[in-house]
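The values are calculated or read from the model by the stated rules, or taken from the named source; none is laboratory data. This structure is a prediction, so every number in the text was calculated from the model and none was measured. Reconstructed Cβ throughout: ideal geometry from the backbone, glycine too, with neighbour counts over all protein chains shown. All accessible areas refer to the heavy atoms of the entire protein, side chains included, with ligands and DNA or RNA removed. Shrake-Rupley method; radii C 1.70, N 1.55, O 1.52, S 1.80 Å.
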Amino acid sequence: MFSFQNMTQEIHSWLSSLMSETFVMLVEMTIVGILAIALFAFLGLVLVYMERKVAAVIQLRKGPNRVGPFGIFQTSADTLKLVLKEGFMPDNVDKFLYKLAPFVVMITAMLILAPIPFAKGVQIWDINIGVFYLTAISSISVIGILMAGWASNNKYSLLGAMRSGAQIVSYELSAGMAVLSIVVLTGSLNLGDIIASQEDGWWIFKGHIPAWIAFIIYIIAVTAETNRAPFDMAEAESELTGGFHTEYAGMRFALFFLAEYINIFIVCAIGAILFFGGWMPFHIGSWTAFNHVMDFIPSFMWFFGKTFFLIFLIMWFRWTFPRLRVDQLLNLEWKYLLPISIFNLLLMTLVAIKGWHF
Amino acid sequence: MFEEIKTSNDGELVINVGPQHPATHGVLHLLITLNGETITKLEPNLGYIHRSIEKMCESLSYRQFIYSTSRMDYLSSHMNNHACAMIVEKGLQVEIPERAEVIRVLISELTRLASHQLWWGAMAMDLGALSPFFYSFREREVITDIMEETCGARLTMNYIVPGGLMADIHPNFVKRVKDFIIQFNSKIDEYDQLVTGNIIFQNRMKNVGYLSPEDAISYGTTGPVARGSGVSCDIRKLYPYSAYNKVKFEEILETGGDSFARYLVRIKEMKQSISIIEQLIDNIPEGDFQAKTKAVLKLPKGEFYQRVETARGELGVYLVSEGGTTPYRIKFRSPGFSNLSALNHMVKGHKIGDLVAIMGTLDLVIPDIDR
Amino acid sequence: MGNEELIVKLQELFPAASIIQGNDWPEISFESGADFLSTIDVLKSDQTLAFDYLFCETCVDWKTHFTMVYHLDSTRFRHNIVLKYKLDRETPEIDSLSFVYRTSEQHEREIFDLFGIIFKGHPNLKRILLTEDWVGYPLRKDYDDPINMIKL
Amino acid sequence: MDVIITEPSTPFPGSVHEVPGGGIVLSTLDDVINWARSNSLWPLVFGTSCCAIEMMSAASAKYDFSRFGFEVARATPRQADVIIIAGTIVNKMAPVLKRLFDQMPDPKYVIAMGACATSGGPFFYNTYSVVKGADHVIPVDVYVAGCPPRPEALLHALITLQEKIKSGLTRDQIRAQFQEDGK
Amino acid sequence: MGSGSLITLMLAAIAFSAGGIAVAKFLTKGSTNPQKGQAYECGIPSEGTPWKQFHVGYYLFALIFLIFDVELVFMYPWAVVAKKVGMMALFEIIVFIFILFMGFLYAHKKGALKWM
Amino acid sequence: MISFLKTYFTEVFQAIKSLLSGMKLTGYYFTHPKNIITEEYPDNRATLKMADRFRGEVIMTHDEKNEHACTGCSACELACPNGTIKIINKFEINAEGKKKKAIDAFVYHLELCTMCNLCIVACPTDAIKMSPNFEHSVYDRRLLTKQLNHEGSKIREGVE
């Protein structure tokens, strides 16, 4: 069976035979850094292309198809153009924060990558409080958005930033509750353990109705947390023209744009890990023959397949629903999602303790 | 690196919305005062597309001035032309052939459908849903194709001339309109499925932008805006013109007075338009499409007024003639101008998001307001 | 009420005004100096007239004088009249109707903008279509703008 | 009687420099830059009147300008590459248009869509408030005639603009070329 | 790889962003004009500064979030052991959430969760 | 309390149902790409057929002998609402030695034209007509001012 674990170990031992431990460390760090950047760039290009194609087909049109075969180089051209656009900063902005904001957003997006297992044995940092780490880091990106909105010295930006601040912190709660209900089931905060616990079936199937409710709440909450329509209050093009990035141009805007898509990927990856077993193939209880057949599909395919399915779900939301009004958005969280997710958590605890799950 | 930032704390934020703003459907400029995110004051600032059509018409002949009115309310260009042609015919006292009248009504209703479809898509786009825009344009393109075949242009048709029509209908017209009716009837349910029944849309539109019937009359609102408040104002019904007294249709009245009522009025009006087209399409009388008129038209001295129902409401044309070949003074009472005046009253105390929803259901066409 | 009945009724109410049957509707004209607001008040509040809907308000420049033209409709009885009010060319002033019919607030601003007629008691009388620093009133017949207006 | 209709004088722009594989065979850095810029024109949401409706039609499913990577319409000039002046520009609007154009970062392009933006169109004579052509306010790269031009005409203008960017010529160079040609 | 990976990723992010911005600065040339640097507000010169004191309602959100988020943090250790502890854990968390929920209801009744 | 919970949950379920019905529609279109109606313009140029009445620009019809039917009567120039057409006449002496009015240049400002068809209606000799050509994009607006009569063209025999 194809496994990344052997590969990484082999590289490690090969490097160790060549040089001292510090150098091995440095070389590995460089490799990881380059791979992370490559993944970033690749995900950015693919997700934007995917979004445009999904939108196009839903809207009965063809979408980008003139730059390269099927328009696959369209997003490359866009990226290149954004890089080559004048990197321009308005006067009267808070220069330090204005420049810092895209970095904050990017660093946050990059840091969340650390504990995510992309395939069997491919994980940058196997941390034992992985879920907790993710919750902690993911709420930093709102600081970047607030910085950008405040520093821009633009009224639209400011309104967009304030909205997005209230929105992200609110939805953080119900997303956290949904994640907690899976933690209750597995009894571990380690992402590896959570995946391992789904070897005989994914939690979404094993966990009965509470798992479904938790999943629905999770997907709604993360849609809001990543500022995606129908919760794109922070941008709200028809209300606030550009929202928090109204005054950003060129590469700095591209970084926000990229970070948005990376964030979508990350939250969907977490969703896939928690509810769909991450890289774990589709296993059914004791059907060993069937499970073996499933094991032949490489684990990274499972991971990316599930993640992209969830990403598609979020895109589907975006191209179907209208935007909520900002007070309705908060009502939805505080009146519906939060109470439901709290009681769902209690229900899940009961299910877990009584062992009613499969 | 860390400069001191001067902040003020008078609490209120004055924001310009427009002239270049995706939700103003053109170049309306609104100066809004915000307290938090609640609108406390709104002041429309017009004129960013004031093209002085009224002055221009004073130097155009009676055949020529009609074309410029297509550019006023370009979404109901046909109805604008219709009003102008009728006022010239009223002055000349020309009888229009039956065939021309029926075709005028047919094309008017198609234009109304096209306009309402565009409104539906654009309104949904304002509220943040992008797909309805594409679905509505799918049907709209069929109408524009029909228009193009018969009238020769897609938007500003200039098909009506004083005395009748510029050309007879295209031989394919009847068949294509019938095909369109079948297509439209099968798709109108999608509109409800995607937007009308949707809980987010309903929440965005219900209890937003309430306009009482008294205010609707006082502000002079017409069309779907007034009918959403329960004020009967359909000129087609109240003062029938052209072939409208030969067809049966209902005036849609909703009593809600909010954005959702206005939305429902337009959706139901589309169905009424279809029914008018269905009644007329098989009964286009034979005959001429044009009455005999002189090459140079001269209206007698006097004042003329013509009211028609465009997609946005009542269009009035007030024409003063001194007996020459050009109008002495012409005034277009545009529906959008009056509808806009109610906006300030409607948005007070609402959020920015509601402003967009209210403007969406007012269905403003800015060149129609500014002329 | 039909047009003939309307003319009779109006003649009763305003013996000083001249009333003729126009192309569509009765036209009632007042000379400048007549009490305009009370006229409107009668037209709006009279139970048999009830002209509650002002659907068109405009002005015509007759070179010697201005004429304000009001088109009124009754949403209850569906009868219409045309109301005319003559204004001097030197001091074109008239009472504002913006508190009677709120639609006229914008219409009056437009007329002020294009004709330069002063509406007494208007809450916000300033230019609406043209820029604040525009010189002249373009819909007046003697308006001339050699830079912007290319004559055909 | 046979009647010959005049053929359009200019060749179709897309067929001038046909490069196999969708135009991605490139040689120098400048070519790469121009390729990226020409294929990623993000328009500013800017429509004043009738032409805006035809611009919306061009965005709609039937004509679909997203095929050119054109659908990322930005509401803020900071992120836009091209202004499509869709409609009449009047004297009150002219400073706003100028300001929007000024606020766009370089490189920036302008398409004047329709008769009004090109020359004042139907409002050229006897009007006191219309700018007689948007090029009195901001420099225009491509002019499209028509009132309004049909969506395909806008797509044609877009391809024309892409050709211009790919050729790497500036407005002045093109103008100079016409002068040489004796036009 | 341990926590070194965090530094690596952070450096990678900085390198990526800074590299992009530097390339942009290096390869492009811009134009200047007096209007370019001014704030964009739909093409109309901006009036007043947006740097104003916010409505107090905005801060209430932050405070309530803070309370809830801290409570959420307390719940993580509980969640890990809940299954092992059994029914007692459920009762404990019900008491915990009940108190939290009362606070939430109070805040809601007071209108603190209304967007200004 | 019970009734509150009941309305609360019916609300939630109805909301979810209405959202799902919307997603069903978009999902249907996503899974049925045959509904795509895009016409790829520059690629379908060969097959693109304009409606025969479509008004793209005014042209003057010339036959194979390079003759047109324009007498230079200026009817179109007068009919045009915004001065799109300028006719410059010259006098030429024909075979019988008679002085005859003929057009020197039929100048057509495409950049001003609004395709209103009034000139076509006004033309007594059907010399001009509307062509469905719509590809008018140019880099310089001076190129849009056209001379409609061809170089060296003459008026057709028998047209008065």
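Here are the numbers for the structure shown:
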quantity: Boolean, residue C:54 is closer than 29 Å to residue B:334 by Cβ and in contact with a Ser or Thr (Cβ under 8 Å, 6 or more places away or on another chain); calculated: yes
quantity: Members of the stretch F:64-118 that are hydroxyl-bearing (Ser, Thr, Tyr) and assigned to a strand (DSSP E or B); calculated: F:108
quantity: The stretch D:123-146 residues that are more than 8 Å from chain F (Cβ to nearest Cβ), paired with ones that are aromatic (Phe, Trp, Tyr) (beta carbon under 6 Å, 6 or more apart); calculated: D:130/D:123; D:132/D:124; D:138/D:101
quantity: Of all residues in the stretch B:207-232 being open to solvent by 10 Å² or more (accessible area, probe 1.4 Å) and among the hydrophobic types (A, V, I, L, M, F, W, C), the one that is farthest from residue B:251 (Cα to Cα); calculated: B:217
quantity: Residue match in the stretch B:254-275 (condition: among the small types (Gly, Ala, Ser), in a loop (DSSP other than H, G, I, E, B) and assigned by TED's automatic domain parsing to the domain that holds residue B:208); calculated: yes
quantity: Only listed residue being open to solvent by 30 Å² or more (accessible area, probe 1.4 Å) and either in a loop (DSSP other than H, G, I, E, B) or in contact (Cβ under 8 Å) with a residue 40 or more places away in the chain (or both), chosen from E:77, E:50, E:45; calculated: E:45
quantity: Within the stretch B:257-288, considering residues that are touching a helix residue (DSSP H, G or I) at 6+ places or on another chain (Cβ under 8 Å) and of a type in the set (Gly, Ala, Ser), the one most open to solvent (accessible area, probe 1.4 Å); calculated: B:287
quantity: Residue that is farthest from the other protein chains (Cβ to nearest Cβ) [pool: residues in the stretch E:3-29 that are in a helix (DSSP H, G or I) and of a type outside the set (A, V, I, L, M, F, W, C)]; calculated: E:19
quantity: Among (1) open to solvent by less than 70 Å² (accessible area, probe 1.4 Å); (2) in contact (Cβ under 8 Å) with a residue 40 or more places away in the chain; (3) under 14 Å from the mean Cα position of the chain (by Cα), the one test that residue C:31 misses; calculated: (1)
quantity: Residues of the stretch F:124-160 satisfying the condition of being at pLDDT 80 or above and among the small types (Gly, Ala, Ser); calculated: F:127, F:131, F:137
quantity: Meets criteria (surrounded by fewer than 24 Cβ atoms within 10 Å (Cβ to Cβ) and either under 28 Å from residue F:132 (Cα atoms) or within 14 Å of chain E (Cβ to nearest Cβ) (or both)) for residue D:166; calculated: no
quantity: Search result, residues across the stretch A:89-106 that are surrounded by fewer than 24 Cβ atoms within 10 Å (Cβ to Cβ) and facing chain E (nearest Cβ under 9 Å); calculated: A:89, A:90, A:91, A:92, A:93, A:94, A:99, A:103
quantity: Failed condition for residue C:77, given (1) of a type in the set (Phe, Trp, Tyr); (2) surrounded by fewer than 20 Cβ atoms within 10 Å (Cβ to Cβ); (3) closer than 29 Å to residue B:326 by Cβ; calculated: (3)
quantity: Matching option when the condition is surrounded by fewer than 24 Cβ atoms within 10 Å (Cβ to Cβ), under 22 Å from residue D:55 (Cα atoms) and touching a helix residue (DSSP H, G or I) at 6+ places or on another chain (Cβ under 9 Å), among B:38, B:69, B:24; calculated: B:24
quantity: Members of the stretch F:119-138 found to be free of Cβ contacts under 8 Å to residues at least 40 places away in the same chain and either part of a helix (DSSP H, G or I) or away from chain D (no Cβ under 12 Å) (or both), listed by number; calculated: none
quantity: Residue match in the stretch B:275-282 (condition: among the small types (Gly, Ala, Ser) and under 21 Å from residue B:101 (Cβ atoms)); calculated: yes
quantity: Filter result (within 7 Å of another protein chain (Cβ to nearest Cβ) and either part of a helix (DSSP H, G or I) or in contact with a strand residue (DSSP E or B) (Cβ under 9 Å, 6 or more places away or on another chain) (or both)) within the stretch A:72-88; calculated: A:74, A:77, A:78, A:80, A:81, A:83, A:84
quantity: Filtered residues of the stretch E:1-37 (kept if hydroxyl-bearing (Ser, Thr, Tyr) and either touching a Gly at 6+ places or on another chain (Cβ under 8 Å) or open to solvent by 30 Å² or more (accessible area, probe 1.4 Å) (or both)); calculated: E:3, E:8, E:28, E:31, E:32
quantity: Residues satisfying the stated conditions in the stretch A:25-55, i.e. open to solvent by less than 40 Å² (accessible area, probe 1.4 Å), among the aliphatic types (A, V, I, L, M) and in contact with a Ser or Thr (Cβ under 6 Å, 6 or more places away or on another chain); calculated: A:29, A:32, A:48
quantity: Among residues of the stretch A:115-138, those that are in a loop (DSSP other than H, G, I, E, B) and buried (at least 19 other Cβ atoms within 10 Å of the Cβ), counted; calculated: 9
quantity: Check on residue D:85, of a type in the set (Val, Ile, Thr), within 14 Å of chain E (Cβ to nearest Cβ) and in a loop (DSSP other than H, G, I, E, B); calculated: no
quantity: Among residues of the stretch F:16-57, those that are of a type in the set (S, T, N, Q), out of contact with any Phe, Trp or Tyr (no Cβ under 7 Å at 6 or more places or on another chain) and under 30 Å from residue A:229 (Cβ atoms), counted; calculated: 4
quantity: Test: residue in the stretch B:250-271 that is within 30 Å of residue B:173 (Cβ to Cβ), modelled with pLDDT of 85 or more and in contact with a Leu (Cβ under 7 Å, 6 or more places away or on another chain); calculated: yes
quantity: Residue within the stretch B:289-296 that is open to solvent by 10 Å² or more (accessible area, probe 1.4 Å), in the same structural domain as residue B:179 (by TED's automatic domain parsing), under 23 Å from residue C:105 (Cβ atoms) and free of Cβ contacts under 8 Å to residues at least 60 places away in the same chain present; calculated: no
quantity: Residue F:93 being within 21 Å of residue D:145 (Cα to Cα), without any contact (Cβ under 8 Å) to a residue 40 or more places away in the chain and among the β-branched types (Val, Ile, Thr); calculated: no
quantity: Criterion: at pLDDT 85 or above, over 21 Å from residue B:28 (Cα atoms) and open to solvent by 20 Å² or more (accessible area, probe 1.4 Å) - qualifying residue of D:125, D:109; calculated: D:109
